[in-house]
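**Student:** The structure that follows is given in the form of structure tokens.
Each value in this text was obtained by applying a stated rule to the coordinates, not by laboratory testing. Note that this is a predicted model, so its numbers are computed, not measured. Positions of Cβ are backbone-derived with ideal geometry, glycine not excepted, and every protein chain shown enters the neighbour counts.
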Amino acid sequence: MDAEKSSSSSFEDLSNLNEQERAELASSVPEATQSKPAKEQSQEQRPELEDSDKGANDPETSESEPEYMDILGNGTLLKKVLTKGRSEHRPESKDIVVITYSGRLEDGTVVEEQTNFVVQVDDVEVVQGLDMALKLMNEGEVAEVIVNARFGYGELGVKDPTEHDPVQKTVPPNATITYTVELLSIKEEGDVETRSYASRKEIGNKKRLRGNFWMKRQEYNLAIQSYRRSLEYLDDTVSAGGMMESGPGTVELSPTELQDLLEDRMKVYNNLALAQLKISAYDAALKSVDHVLKCQPTNAKALYRKGKVLDAKGDTKGAITLLQKAATLDVDDKLIQSELSKLILKSKREARNEKDLYQKMLGQAQKLEQKTKTAPVTQNTESSKLKMWGYLVGTILFGVAGVAIYRYNNP
């Protein structure tokens with residue numbers, strides 16, 4: 001998530017108490033408080049974490065509710081066991097679990113609820129906080145998990161839930177969600193090859209839709225994780241002859257099934273390329289989009305995204321060529337038309353800047369050449385002046401010497 005904003009809560013769950021129990025609880029508090037010395041009352045007012053020095057045999061400690069486990073050590077993800085599991089079997093990464101859970105806001109509003117929901121652990125098919133907590137639950141256990149916004153729905157919240165979202169109601173930004181979750185069963189993922197075509201297609205598309213969910217929320221790394229897992233079920237499943245490994249043998253797929261599987265894979269690779277582009281993983285994005293164009297060379301969306309990748313890598317001309325092709329294939333796509341116009345203007349601006357740079361460099365070269373030519377002329381002029389002065393001084397000295405000799409011989 002983009003930012004961590006902790007929200008304070010007492011972590012006391014009183015939502016399941018009936019009216020009589022609430023009244024009894026309210027009436028018992030003053031009575032207990034009055035019967036205790038002031039010193040004990042002051043100790044009770046301290047934060048719960050400072051209450052750890054009470055004795056292990058203290059009747060209040062032994063009868064109190066189970067404490068929360070601070071999973072990450074910073075208060076952003078807390079877990080408390082409500083009902084112990086029937087075994088100590090815990091799920092591991094990629095295990096398939098069946099859970100029933102509900103999530104409520106601090107005011108008690110239920111925003112998320114699923115029954116017998118199939119989740120693959122560590123595949124972010126639920127919010128991150130709940131996904132992490134699942135690996136700390138025993139089979140059959142019922143737990144309460146308090147998820148801070150950082151590991152829930154973050155600063156964005158959920159505005160308009162869709163049919164593919166587990167959230168049923170709007171989640172406000174920076175909301176802490178309290179989940180009650182029951183871990184019904186656990187089983188290993190097993191080999192993908194042992195699954196039927198229908199099963200692999202169903203699971204692969206479920207993970208693709210989850211990737212789309214994270215893309216919409218701009219959680220690009222989580223989207224990439226979901227798309228890659230989707231491809232493990234949809235990719236490399238069919239041989240060149242249309243045969244697919246399924247269970248103990250192979251199954252021949254019909255032309256319709258082959259086409260459906262191809263379309264599903266192309267959707268995943270296209271979206272994977274976009275997610276990789278968003279995090280500036282240009283080489284990886286190029287490989288992903290080339291998977292699409294290898295099978296569907298006229299896929300306008302793939303051409304457009306490859307053009308975006310090339311532009312990001314500095315190849316504006318190559319990007320324009322691809323976008324022009326995409327624009328002819330999908331004349332109604334305004335996004336392609338808009339991006340193409342931007343790239344053409346960018347190319348012209350780059351050409352103009354390049355021309356100005358060359359002219360500037362050429363002008364500097366001409367000035368340098370002109371200085372080089374005028375330098376010898378200046379030196380020659382100065383040399384001529386020196387020679388003239390030398391001749392003049394020599395002539396004067398010669399004349400003075402002649403006069404002196406004449407006077408010496410004729411006193």
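**Student:** By the scheme Lys and Arg +1, Asp and Glu -1, what is the net charge of all other residues having a beta-carbon under 11 Å from that of residue 190?
**Tutor:** Local net charge: -2.
**Student:** Within the set of other residues whose C-beta is less than 10 Å from the C-beta of residue 286, count the net charge using Lys and Arg as +1 and Asp and Glu as -1.
**Tutor:** Charge balance near residue 286 sits at +2.
**Student:** Taking H placed 1.01 Å from N in the peptide plane, check which residues at least 5 places from residue 158 or on another chain put their amide H under 5 Å from its amide H.
**Tutor:** Placed amide hydrogens put 171 under 5 Å from residue 158.
**Student:** What does the extension gain come out to for residue 92 and residue 168, with contour length at 0.36 nm per residue minus their alpha carbon separation?
**Tutor:** Taking residue 92 through residue 168 to full extension adds about 24.5 nm, to one decimal.
**Student:** Now for a separate question. Can you pull the percent of Cα pairs in region 74-121 with separation above 12 Å?
**Tutor:** 77 percent
**Student:** What dipole magnitude, in Debye to the nearest 20, does region 317-356 give about its Cα centre under +1 on Lys/Arg Cβ and -1 on Asp/Glu Cβ?
**Tutor:** That gives a dipole near 220 debye.
**Student:** Explain nothing, just compute: Karplus ³J(HN,Hα) = 6.51 cos²θ - 1.76 cosθ + 1.60, θ = phi - 60°, for every residue of region 145-160 in order, whole Hz, x for Gly and Pro.
**Tutor:** With the stated coefficients, region 145-160 comes to 10, 9, 10, 5, 4, 4, 10, x, 10, x, 6, 7, x, 9, 8, 10 Hz.
**Student:** Could you tell me the ratio Rg/Rh of region 135-213? Both radii from Cα atoms, Rh via Kirkwood.
**Tutor:** 1.04
**Student:** List the residues, sorted by chain then number, that are 5 or more residues from residue 112 or on another chain and whose placed amide H is less than 5 Å from its amide H.
**Tutor:** 103, 168
**Student:** I would also like to ask the following. Along Cα→Cβ, 7 Å out, is where each label goes; now give me the distance between the ones at residue 139 and residue 317 in nm to one decimal.
**Tutor:** 6.4 nm
**Student:** So if each residue of separation counts as 0.36 nm, and I subtract the Cα-Cα distance between residue 106 and residue 202, what length gain in nm does that give?
**Tutor:** So the extension gain works out to 31.0 nm.
**Student:** Pop the C-beta distance of residue 69 and residue 235 into the FRET formula with R0 = 35 Å and round what comes out to the nearest 0.05.
**Tutor:** FRET efficiency, residue 69 to residue 235: 0.35.
**Student:** Which ³J(HN,Hα) values in Hz, rounded to whole numbers, follow from the phi angles of region 188-204 under the Karplus curve 6.51 cos²θ - 1.76 cosθ + 1.60, where θ = phi - 60° and Gly and Pro get x?
**Tutor:** Each residue's phi maps through the Karplus curve to give 6, 5, x, 6, 4, 5, 7, 8, 6, 4, 5, 5, 5, 5, 5, 5, x Hz.
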